[in-house]
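Novice: Could you have a look at this structure, given as structure tokens, before my questions?
Coordinate-derived values only; no laboratory data. Everything quoted here is computed from the prediction, not taken from an experiment. All Cβ positions, glycine included, derive from the backbone under ideal geometry; neighbour counts span all protein chains shown.
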Amino acid sequence: QVQLVESGGGLVQPGGSLRLSCAASGTIFSIDAMGWYRQAPGSQRELVATITSRGNTNYPDSVKGRCTISTDNAKKTVYLQMNGLNSEDTAVYYCHMTIRGLGYWGQGTQVTVSS
């Protein structure tokens, strides 16, 4: 059984930075893609960043230039470095991994940007 566990969320001041981590555990031979999504109160879950097994990344315009997704394949971990945070980045952040065609979600980690 695959489990994803996120960490690194918290309270940060506007303009600050955070680094989120998501580690996968279980019987995993290969990971097709990894990504981060977020959901603010009253809003739908939205894409933050994705990275394929080949290292191709994708970011929406809302975070492009401020967020960087990276992976440590040996540790089965995906990271999200977020800089220049503002109040609109406040949300629960979820990691997602596609493993052998199946999608898995983490439990989410809260990011709050406030002074």
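Novice: In nm, what is the difference between 0.36 nm times the number of residues separating THR68 and THR112 and their Cα-Cα distance?
Specialist: Between THR68 and THR112, full extension yields 14.0 nm more.
Novice: Given a Förster radius of 35 Å and the C-beta distance between TRP105 and ASP61 as r, what FRET efficiency does 1/(1 + (r/R0)^6) yield to the nearest 0.05?
Specialist: Result of the calculation: an efficiency of 0.90.
Novice: On to the next question. Return, ordered by residue number, the residues of segment 69-103 whose backbone nitrogen is under 14 Å from a label point located 7 Å along Cα→Cβ of THR27.
Specialist: Inside the label zone: 100.
Novice: Let me ask another. By DSSP, what percent of the beta bridges with both residues in the chain are antiparallel, rounded to the nearest 5?
Specialist: So the antiparallel bridges amount to about 95 percent of the total.
Novice: Which Cys in the chain stand alone, with every other cysteine's Cβ at 4.7 Å or more from theirs?
Specialist: Cysteines lacking a close Cβ partner in the chain: CYS67.
Novice: Taking 8 Å as the Cα distance limit and 6 or more residues as the minimum spacing, I'd like the relative contact order of the chain as a percentage.
Specialist: Taking the mean separation of contacting Cα pairs over the length of the chain, I get 38 percent.
Novice: Now for a different question. Explain nothing, just the number: dipole magnitude of the chain about its Cα centre with +1 on each Lys and Arg Cβ and -1 on each Asp and Glu Cβ, in debye rounded to the nearest 20.
Specialist: Taking the Cα centre of the chain as origin, the dipole is about 240 debye.
Novice: Counting other Cβ atoms within 10 Å of each Cβ, which chymotrypsin sites (Phe, Trp or Tyr not before Pro) in segment 23-88 have at most 12 and sit in a DSSP loop?
Specialist: Within segment 23-88, the qualifying chymotrypsin sites (Phe, Trp or Tyr not before Pro) (loop, at most 12 other Cβ atoms within 10 Å) are PHE29.
Novice: Please tell me the relative contact order of segment 60-110 in percent, rounded to the nearest whole number, where contacts are Cα pairs under 8 Å and at least six residues apart.
Specialist: The value is 24 percent.
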